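Input: a single structure, listed below in structure tokens.
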Amino acid sequence: MTHRVAELEAKLEEKDRQLNAYKAMLFGSRSEKARIVLDEQGCLDLGDLSSTPPTPPAANDDPAPKARRKARRNIGALPKHLPRIRNVIEPDSTQCPCCQGAMHKIGETETEALDIVPAILRFIVTVRPKYGCRSCEGGVVQARAPRRMIEGSMVTTSFIAWVVSQRFAWYLPAYRQAQMLAGHGLQIDRSTLSRMIKSAAWWLEGLFDEQWRFIHGHSRIFVDETRVPVLEPGRGKVRIDQFWAHGIDDRSWNGPAPPGVCYVHAGSRGKLEIAEQLCGYAGVLQVDGYGAYKHLAEPGREAGPIQLAFCLAHLRRRFVDLHKSTKSPLSAQFIKLLGEIYRIEAEIRGTSAEHRQAVRQEKSRPVMEKLKALCDETLPRLSAKSTLAEHIRYAHDHWHGLILFLEDGRIEVDNNMIERQMRPIAIGRRNSLFAGNEGGARSWAILASLLQTAKLNGLDPFTWLNDVLTRIVSGEVKNNELGQLLAWNWKPAVRIPHMDLAA
């Protein structure tokens with residue numbers, strides 16, 4: 001009878017949790033940061049709450065809160081690399097208003113204001129004079145026509161680079177770009193813009209492969225996946241495929257790997273798919289708790305062993321969601337302990353791997369031991385069907401990967417780096433609805449990988465892409481030299497302006 005009562009209480013608790021979760025989805029904030037989770041942790045808000053909470057600790061991979069500093073403004077400090085156009089305004093008269101004598105300049109006042117010139121559409125007319133010899137008939141010379149990305153096309157490389165960067169760096173789908181161009185009096189069909197995008201992906205496929213090899217050459221990578229709708233040709237229906245993301249970023253411990261990401265289009269998210277993508281990789285894989293990754297850690301891999309470092313943010317999110325719906329004191333204890341881990345991480349971010357490991361052994365290990373003890377103590381007292389028991393079992397099942405960061409200062413406590421790189425895919429998916437076919441999804445993966453990596457490295461996507469495409473199409477950079485065009489190696493080429501226009 002007691003067992004039956006416990007089951008019914010667990011079912012009632014689950015129904016209440018689901019009801020509160022649905023209410024939160026309909027009427028509450030979408031972010032866990034915008035809700036008061038624990039008084040001890042302060043308020044994880046986005047600035048939309050009326051009260052002023054105490055300073056919260058870091059709840060994910062965001063920088064630790066610091067004392068409020070004076071706002072940084074660009075007054076008197078506009079970027080020096082931008083061109084300056086001097087506009088001198090003389091007085092109406094330089095005669096003295098008293099004696100009518102000529103006045104001389106005694107000084108000047110100079111101010112700067114940031115201006116912008118909207119996109120300008122223009123035609124580049126390439127003229128190639130022919131020269132012939134008057135003495136014989138065979139002596140005719142003419143400069144070779146510059147190579148174009150699309151032979152016979154009416155657009156330059158710069159125009160295609162603009163279309164691609166607007167689409168995959170700033171998420172403007174082709175139909176919106178067509179509307180923008182129509183406002184300039186230029187009618188270009190969406191299918192034409194799509195062909196330009198496909199051509200750019202073809203030219204850049206070798207650079208994508210170079211970036212892919214570079215990422216997999218590091219001993220620690222992040223991996224995640226997200227859905228992507230793809231239109232099935234001839235059927236008019238959309239199927240759900242996957243984008244897998246492979247990323248690197250060692251900036252948190254000043255390591256050798258620059259920030260970078262490669263997306264891969266695939267038909268599924270199964271274990272065989274990710275096993276094929278990582279068939280030649282050995283090292284540390286930072287992932288969430290998805291089951292397909294666990295098969296990679298099985299012994300006997302031909303390429304070598306893979307260690308799985310699991311994500312504390314996923315574990316924390318489980319307890320946060322439960323606390324929002326049930327206000328359970330037990331879930332609050334788990335959140336408090338995990339918040340302490342993130343507080344320690346905020347203190348050591350940006351230091352060496354050795355220092356991070358030493359501090360984690362001293363401060364983080366006791367916290368994780370308390371967390372493990374709380375799991376072991378709490379689980380026997382719960383109904384096996386309760387949500388809290390499910391979350392604790394999740395922690396038990398992934399414990400070895402959750403504490404791997406204690407042994408290696410290079411490893412992060414979560415997988416947030418790669419999760420942030422899924423946001424551009426989600427925005428593009430929302431704006432474009434679906435990829436037109438498998439080829440379009442492949443182009444999407446190539447171009448989004450390169451442009452997102454350029455942004456991660458602080459580059460202007462259009463400037464980088466325009467230069468890279470120009471140098472590849474012209475043959476200035478050969479296939480075996482593509483490494484110099486990767487975002488972290490890239491240096492802009494110095495060219496004569498009119499030569500650029502002719503390209």
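Assorted remarks:
- Separation of the range 401-428 from the range 282-329 is 10 Å, based on Cα centroids.
- The label point for residue 125 and the one for residue 98, both projected 7 Å from the Cα toward the Cβ, are 5.9 nm apart.
- Across 370/455; 294/324; 15/363; 363/491; 294/478, pairs whose alpha-carbon gap is larger than 32 Å: 370/455; 15/363; 363/491; 294/478
- Partner aspartates and glutamates whose Cα lies under 20 Å from the Cα of residue 385, excluding those fewer than 8 positions away in the same chain, are identified as 7, 9, 13, 14, 16, 321, 376, 377, 397.
- Computed label-point distance, nm, for sites residue 147 and residue 116 using a 7 Å Cα→Cβ extension: 3.6
- Order of 131, 263 under a 10 Å beta carbon neighbour criterion, fewest first: 131, 263
- The H on the amide N of residue 437, modeled in the peptide plane, is under 5 Å from the matching H of 231, each at least 5 residues off or on a different chain.
- About its Cα centre, the dipole of the range 73-135 is roughly 780 debye, where the only charges are +1 on Lys and Arg Cβ and -1 on Asp and Glu Cβ.
- Space enclosed by the convex hull of the alpha-carbon atoms of the range 318-414, per residue, Å³: 90
- Normalised by the number of residues in the range 251-352, the mean separation of alpha-carbon contacts (under 8 Å, six or more apart) gives a relative contact order of 29 percent.
- For the range 141-215, the list of GluC sites (Glu not before Pro) that fall in a loop by DSSP and count at most 16 other C-beta atoms within 10 angstrom reads 151.
- Efficiency of FRET from Cβ geometry, residue 189 and residue 136, R₀ 35 Å, rounded to 0.05: 0.10
- In percent, rounded to a whole number, the relative contact order of the range 210-257 is 36, using alpha-carbon pairs under 8 Å and six or more apart.
- Length-normalised contact order of the range 318-414 in % [C-alpha pairs under 8 Å, at least 6 apart]: 31
- Neighbour-limited loop hits for trypsin sites (Lys or Arg not before Pro), the range 87-131 (at most 11 other Cβ within 10 Å; DSSP other than H, G, I, E, B): 105, 122
All of the numbers you see were taken from the coordinates with simple rules; none came from a lab. Treat the numbers as computed from the prediction; the structure is a model and nothing was measured. Methodologically, a virtual Cβ is constructed for each residue, glycine included, from the backbone with ideal geometry; neighbour enumeration extends over all protein chains shown.
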